[in-house]
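A.B. asks: Following this message is one structure expressed as structure tokens.
Just so it is clear, none of the values below were taken in a lab; they were calculated from the coordinates. Given the structure is predicted, the values throughout are model-derived calculations rather than measurements. Cβ sites come from the backbone with ideal geometry, for glycine too, and all protein chains shown count toward neighbours.
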């Protein structure tokens, strides 16, 4: 299939409504149900009042926590888990778009890990630069491969941390020019 035909097919699955990308997730319902069953989780389908937007919510038990994975026709795949970390460590990693480039001009922090494919794609902020560089140096290839849109680790008000990972809705694969860990591919 050539690029023009591929674009026409993708248009059937992706519609832009009021600045949002609408993707029909209902086709994935059987997969989500299967994952919930295999991992002893629970799966819920929610609809808007007008029944025009579907949301999936998957809760998977993990140790004494639950991993919550959500996706809807208008929102990207997102996972979150609460972590019990002793250290006051936070970070935010997000695609570096136009807005992020502007806030960097005004002095916003941007940590670089020393891997140009990653540093050029992501804006990295943290309260502990060294920990952040160490973690991202290990995970950079996986983050690029999965085309992660945003990763946020924030300390909760009472205790612990919440880790939120948002996956880009785009299904194109990304291959970094240098792959340190070939096992990822």
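A.B. asks: What is the order of 136, 39, fewest Cβ neighbours within 10 Å to most?
C.D. replies: On the way: 136 23, 39 14.
The fewest-first ordering by Cβ neighbours comes to 39, 136.
A.B. asks: Taking the Cβ of each residue in 46, 28 as the centre, tally the other Cβ atoms inside 10 Å and list the residues starting with the fewest. Don't skip to the end; give the middle numbers.
C.D. replies: Values: 46 11, 28 15.
Exposure proxy ranking, most exposed first: 46, 28.
A.B. asks: I need the calculated FRET efficiency for the pair residue 31 and residue 88, taking r as the beta carbon distance and R₀ as 35 Å, to the nearest 0.05. Display every interim value, and only then the final one.
C.D. replies: On the way: r = 38 Å, r/R0 = 1.08.
After rounding, the FRET efficiency stands at 0.40.
A.B. asks: Would you please classify the overall shape of the stretch 30-93 from the alpha carbon gyration tensor, given that a ≥ b ≥ c denote the square roots of the eigenvalues, rounded means a/c under 1.5, and beyond that prolate means a/b larger than b/c while oblate covers the rest? Don't skip to the answer; put the middle values down first.
C.D. replies: Working: a/c = 2.95, a/b = 1.50, b/c = 1.97.
It is oblate, given that a/c is not under 1.5 and a/b is not larger than b/c.
A.B. asks: Still on this structure, please answer the following. For 96, 87, what's the fewest-to-most ordering of other Cβ within 10 Å of each Cβ?
C.D. replies: Details: 96 16, 87 10.
Least to most surrounded, the residues fall as 87, 96.
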